[in-house]
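Peer 1: Let me give you the structure first, and then I'll get to my questions.
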Amino acid sequence: MTNASHEVAKGPHHASGAAPSALSAHSIVKRFPGVLANDSVDFDVLPGEVHTLLGENGAGKSTLAAMLCGLYQPDTGYITRNGERIALSSPRAGLQHGIAMVHQHFRLVERFTVAENVILGSRDLSYKLNRSELEDKVAAVAESYGLPIEPGATVGDLSVGQRQRVEIVKALYQGAEILLLDEPTAVLVPAEVEKLFENVHAMTKAGKSIVFISHKLGEVVEISDRVTVLRNGRVTGHVSGRGTADTKELARLMVGRDIELTTQRASHATGHEILQIRDLSLTVGGVNVLSDISFNVHAGEMVGIAGVAGNGQRELADTIAGLMSPTSGSISISGSMTTDRGPIHARELGLAYVPEDRLGMGLVPSMSILDNLLLTRDRRVVVDRTTVRPEATRLIEQFEIKANGPDHMARKLSGGNAQKVLLARELSGGRTATKLLVVCSPTRGLDVGAIETVRALLDDARSAGQAILLISEDLDEVMSLSDRIFVLYRGSVVHETPGESAQLATVGAAMAGLKPEGKS
Amino acid sequence: MRSPIRIVFEQRSETPKHLSVLVPLLSVVAALVVGALFLLATGYSPLETYSNMLSDGFTSSRGITDTLGLSTVLICTGISAAFAFQMNLYNIGGEGQLYLGMIGGAWAGLALGNQLPTFVMIPVVLLVGALAGASWILLPAFVRSRLGTSEIVTTLLLTYIAASLVKHFVYSPGSFFVTKNSAFPQGRLVPDSASLSGIGDTSLYPTFFLVILIALVLFWVVKKTEYGYRIQVISDSPRAAHYAGINANRTTMSVMLISGALSGLGGAVLIIGPFGRLDPGIILLGYGYAGIVIAALARNNFSAIIVSGILFAGLRSGGDKLQISTDTPIHIGVMLQGAILLFALGGEAFRRYHIHAVRTERATQ
């Protein structure tokens, strides 16, 4: 951003001390069982301003946003709109006050058209819908903010970025003056992020207020007029000035200490081939999910797969793990074919698999840590828990899992600790010593401290000679850890580069489907 | 916003232990209160009715043995229902599987009873009954595990077919199951070798202890074995089961078959005593349906089913006797059964949520 933007940022904030903020939270306290999610939090956003809530997962930023839009009610404290105290008993009440939230997980009906989704929930519709008139109205709203959208398109056919635009148009159509964007960039590729930021500028220019929720420092600095940093439910700092904030300072406010994320690569020579994939294709319901994928992963090497969610990464991991059978092609681990032989066979050859969905797939939520450790191991007819118990206790200590011992239920672990349990199980070897580790989005949703730990664990595993396939939507993570990088787009490898010389722009373009030089 | 008091459902992170006992108990009490309202409305004294039920069901020595005798079949259908429910498989056709168990048990008794001694015949009758019960859930289990067809519908509908089958075997002329040349169509009694007599001339049969043993074994199987572990994984997270290479289809199949076999066992138990014959009267008794309520009240815990099964047997047998001693309608027992199910299911809300009222003013202070 230019220096001029700094001036703009000052504009609404300092120009008129009398102008009341569009929306303010005053000494908000919100308590959940066992957690103080918000502890006397003050926050305000001015008209035409982008005010960011920055914090790690669990810092309380989503809770605060939920109260600002009427999803939750504060235990104590109150909210004012243009200086007047309001009670937000529901999101509908929030809408009536012109406050709308764009959730991280979209709330759209996939089978409906864009226009139908936008008008969903409106109460002033006539009994018979006049579709073309509604579509015109929706298009008019979208255009006035420079949000290109096709009102007649079915939402199920749209890309993630377009769906997000539908959510924003919906909020604007409903008359929102204040938009809360919850981690809006988490699902977008770099080009889409740029587009989103343009839209945000168009909206602020029209006098809308934006509350931007994020934990990504770079983009926060770029987009925000002001930043409020939360840690453990408390405000730890306010920083103002677009493009001028110091990311190091923000990181320290966010985490409470200085953070160094390792960017190590295999310094030693890599060993023999552990994973071999040959011409792998997978068709699901007539759609080519994976086409003609071939690569190897060597012992002591970490191969990164970059890509936007839904381009075949999950299926690639599941196929390697023996959970899906490929339509054609072959997979072998340590020289033995595993194609069509099921997950247990793959594990017997040394596979360990950390799936993306921790509590939905990797762990059984209602079971204890102890029982979850048994999930991928050989259990006898009568499950022998007494001999596994000491090992469980040892792993809890070794991986620094915050739990009340091996009987702690998986569902009650925080995201970071659940991930550590999963890693503890998969790295410690089950049926046989781990040779190949497939990990999907290992640090997603974790706080910075836990990210450090998890990355160090992966690095240790690599140094110990394990072959690692890292599949992640977090491009920074793939770029900073991988020895080699493949970009997956619509089920094909569209780009391949060594980790050291990888260029963010090239890889980002490949993720978006723009053909870069090199492999097609 | 308008009302000054708002009821808040706050999800519990953990269910307090005492609630797991308190909620079922209060469900029974609440059902009794509702029952009392009906009794009052129809001109009976609730106190007198309940005290009669109590003494007929639980406190007199004859009452106790009658109750334990009846509980034998109810515990069978209770563990049958719970075994499927724990894996989120809703076998509500225990009733039909029970009829099949009775048909199978009677067939085994009639066909083989004259050739084999008692110590062989009793296990044979029970085994054939269990197999017959399992056969009645074979089709629902197959389509459920392969095609995902709702087992609720298939098991329920098969119950009606099973009821017709019972009537067919009793009322069609020349049937294998009935006494030849009898003016009144009636099931033929199985030979002595295929039935037992009640302990000390009561209606409590030795099969009671067998059923208790089975319930305890199942309790152990679910808690301690690999099979129980697998069931727990599948019921909580089918995707985790897939991830771990657990074959959910096969386990679904086997769990449903075992559930059917347990209801069938309940039917065979009735052949050994007290029925001794295929009796169409079974269709009106609803022992299979009662198993659903017993399992729900015990929250599918196999050792708790022993308790809830006995409790239910007491309510049923006490209720049945009321009509003989007083003129209270027999249906009070069945009505209480329905009310208990409703309250037990509704009571789940208290276990899952911390429910409390808040003043809305406070929220904006």
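Peer 1: Given R₀ = 30 Å, FRET efficiency for A:Ala140-A:His238 by Cβ-Cβ distance, to 0.05?
Peer 2: 0.20
Peer 1: A further question follows. Starting from segment B:1-63, pick out the GluC sites (Glu not before Pro) whose DSSP state is loop and whose Cβ has at most 14 other Cβ atoms within 10 Å.
Peer 2: B:Glu14
Peer 1: Give me the percent of DSSP beta bridges within the protein assembly as shown that run antiparallel, rounded to the nearest 5.
Peer 2: Around 60 percent of the beta bridges assigned by DSSP in the protein assembly as shown are antiparallel ones.
Peer 1: Have a look at B:Tyr243, B:Tyr160, B:Tyr44 and tell me which one the Gaussian network model of chain B (Cα, springs below 10 Å) gives the largest fluctuation.
Peer 2: Sorting by GNM fluctuation, first place goes to B:Tyr243.
Peer 1: How much length, in nm to one decimal, is gained on full extension between A:Thr80 and A:Ala93, taken as 0.36 nm per residue of separation minus their Cα-Cα distance?
Peer 2: The A:Thr80-A:Ala93 span can extend by a further 3.4 nm.
Peer 1: Report, in whole Å, the centroid distance computed from the Cα atoms of segment B:1-63 and segment A:160-190.
Peer 2: Cα centroid of segment B:1-63 versus Cα centroid of segment A:160-190: 50 Å apart.
Peer 1: Quick one: if you stick a label point 7 Å off each Cα along the C-beta vector at A:Ser463 and B:Thr118, how many nm between them?
Peer 2: Calculated label separation equals 7.6 nm.
Peer 1: Which one of A:His105, A:Ile396, B:Ala313 has its Cα pushed farthest toward the positive end of the charge dipole of the protein assembly as shown, where Lys and Arg give +1 and Asp and Glu give -1 at the Cβ?
Peer 2: B:Ala313
Peer 1: Could you sort the peptides A:389-401, A:484-496 by per-residue average Cβ neighbour count (10 Å cutoff), highest mean leading?
Peer 2: Top of the packing list down: A:484-496, A:389-401.
Peer 1: Something else about it: For chain B, with a Gaussian network of springs between Cα atoms less than 10 Å apart, report the residue from B:Ile199, B:Ile330, B:Ile92 with the top mean-square fluctuation.
Peer 2: Among B:Ile199, B:Ile330, B:Ile92, the largest mean-square fluctuation in the Gaussian network model of chain B belongs to B:Ile199.
Peer 1: In whole percent, what relative contact order does segment A:54-135 give with Cα contacts below 8 Å and a gap of six or more residues?
Peer 2: Relative contact order, segment A:54-135: 20 percent.
Peer 1: If I model a spin label as a point 7 Å beyond the Cα along the Cα-Cβ vector, how far apart are those points for B:Ala111 and B:Ser182 in nm?
Peer 2: 2.0
Peer 1: Please give the FRET efficiency for A:Glu110 paired with A:Val284, using the beta carbon to beta carbon distance and R0 = 25 Å, rounded to the nearest 0.05.
Peer 2: About 0.90, to the nearest 0.05.
Peer 1: Another question, if that's okay. Pulled fully out, how much extra length does the chain show between A:Leu514 and A:Arg380, if you take 0.36 nm times their separation in residues and subtract their Cα-Cα distance?
Peer 2: Computed gain between A:Leu514 and A:Arg380 is 43.1 nm.
Peer 1: Under the rule a/c < 1.5 gives rounded, and otherwise a/b versus b/c splits prolate from oblate, where does the protein assembly as shown land using the Cα gyration tensor?
Peer 2: It comes out prolate by the Cα gyration axes.
Peer 1: Based on Cβ point charges of +1 for Lys and Arg and -1 for Asp and Glu, what charge dipole magnitude is obtained for segment B:209-331 about its Cα centre, in debye rounded to the nearest 20?
Peer 2: 360
Peer 1: How big is the dipole moment of chain A about its Cα centre under a simple scheme where the beta carbon of each Lys and Arg is +1, that of each Asp and Glu is -1, and everything else is neutral? Debye, nearest 20, please.
Peer 2: With only Lys, Arg, Asp and Glu charged at Cβ, the dipole is about 1180 debye.
Peer 1: Another question about this same structure. Which ³J(HN,Hα) values in Hz, rounded to whole numbers, follow from the phi angles of segment A:43-50 under the Karplus curve 6.51 cos²θ - 1.76 cosθ + 1.60, where θ = phi - 60° and Gly and Pro get x?
Peer 2: 7, 8, 10, 8, x, x, 10, 9
Peer 1: Using the Kyte-Doolittle scale, which helices in chain A average at least 1.0 and also have C-alpha atoms spread 30 Å or more along the helix axis, with helices defined as whole DSSP H runs?
Peer 2: Long hydrophobic helices here: none detected.
Peer 1: Next up: Taking other Cβ within 10 Å of each residue's Cβ, how do B:Ser71, A:Ser332 sort, fewest first?
Peer 2: Result, fewest neighbours first: A:Ser332, B:Ser71.
Peer 1: Suppose the chain between A:Ala433 and A:Arg131 were pulled fully straight at 0.36 nm per residue; how much longer would it get relative to their current alpha carbon spacing?
Peer 2: 102.6 nm
Peer 1: In addition: Each residue of segment A:234-242 in turn: what ³J(HN,Hα) in whole Hz from Karplus with 6.51, -1.76, 1.60 and θ = phi - 60°, glycine and Pro shown as x?
Peer 2: Once θ is set to phi - 60°, the couplings for segment A:234-242 become 10, 7, 9, x, 10, 10, 10, x, 6 Hz.
Peer 1: While we're on this one: Would you tell me the mean number of C-beta atoms belonging to other protein chains that fall within 10 Å of each C-beta in A:448-456, as a whole number?
Peer 2: Per residue, the number of nearby Cβ atoms from other chains is 0 on average.
Peer 1: In addition: Tell me which of A:Ile223, A:Ser240, A:Leu181 sits at the most positive position along the dipole axis of segment A:150-243, charges placed on C-beta atoms (Lys, Arg +1; Asp, Glu -1).
Peer 2: About the Cα centre, the residue reaching furthest to the positive side is A:Ser240.
Peer 1: Can you list residues whose amide H is under 5 Å from A:Phe32's amide H, if they're 5+ apart or on another chain and H is modeled 1.01 Å from N?
Peer 2: HN-HN under 5 Å from A:Phe32: A:Ala37.
Peer 1: Let me ask something else about it. What distance in nm separates the two pseudo spin-label positions at B:Leu345 and A:Lys248, each 7 Å out from Cα along the beta-carbon direction?
Peer 2: About 6.4 nm, to one decimal.
Peer 1: Follow-up question, since we're still on this one. With the contact rule set at Cα under 8 Å and sequence spacing of 6 or more, what percent relative contact order holds for segment B:131-187?
Peer 2: 18
Peer 1: Ok, one more. Count, for each residue of A:336-343, the Cβ atoms from other chains sitting within 10 Å of its Cβ, then give me the mean as a whole number.
Peer 2: 1
Peer 1: If you don't mind, there's one more thing I want to ask. What does the highest-first list of A:32-45, A:218-231 look like by mean Cβ count within 10 Å?
Peer 2: A:218-231, A:32-45
Peer 1: Taking a ≥ b ≥ c as the square roots of the eigenvalues of the Cα gyration tensor of segment A:404-513, is the shape rounded (a/c under 1.5), prolate (a/b larger than b/c) or oblate?
Peer 2: Prolate, because a/c is 1.5 or more and a/b exceeds b/c.
Peer 1: Just order A:118-127, B:32-41 by mean Cβ neighbour count inside 10 Å, highest at the front, would you?
Peer 2: My ranking of the peptides, most packed first, is B:32-41, A:118-127.
Peer 1: Which of the helices in chain B, when you take each full DSSP H run, stretch at least 27 Å along the axis at their Cα atoms and have an average Kyte-Doolittle score of 1.0 or higher?
Peer 2: Result, helices passing both filters: B:17-41, B:61-85, B:118-147, B:151-171, B:248-272.
Peer 1: Collect residues whose amide H, placed 1.01 Å from N in the peptide plane, falls under 5 Å from the amide H of B:Arg188; neighbours closer than 5 in sequence don't count.
Peer 2: Close amide H contacts, sequence-distant or interchain: B:Val178, B:Thr179, B:Leu278.
Peer 1: Could I ask something else about it? Which of these, B:Leu22, B:Leu315, B:Leu257, has the largest mean-square fluctuation under a Gaussian network model of chain B (Cα springs below 10 Å)?
Peer 2: It is B:Leu22.
Peer 1: Here is a further query. Calculate, for A:Glu194 and B:Asn249, the FRET efficiency according to 1/(1 + (r/R0)^6) with r their C-beta to C-beta distance and R0 51 Å; round to the nearest 0.05.
Peer 2: Once rounded, the FRET efficiency stands at 0.60.
Peer 1: Only residues of segment A:40-58 count here: report those whose backbone N is under 17 Å from the spot 7 Å along Cα→Cβ of A:His26, or say none.
Peer 2: Taking a point 7 Å out along Cα→Cβ of A:His26, the residues of segment A:40-58 whose backbone N falls under 17 Å are A:40-46.
Peer 1: If you count, for every residue in B:227-233, the Cβ atoms of partner chains within 10 Å of its Cβ, what is the mean?
Peer 2: Across B:227-233, the average partner-chain Cβ count within 10 Å equals 4.
Peer 1: What is segment B:1-153 by shape, rounded, prolate or oblate, if you read a ≥ b ≥ c off the alpha carbon gyration tensor as root eigenvalues and call it rounded for a/c under 1.5, prolate for a/b larger than b/c, and oblate otherwise?
Peer 2: Cα axes put segment B:1-153 in the oblate bin.
Taken together, the values in this text are just the output of simple stated rules run on the coordinates, not laboratory data. Here the structure is a predicted model, which means the values were calculated and not measured. We place every Cβ from the backbone using ideal geometry, glycine too, and count neighbours over all the protein chains shown.
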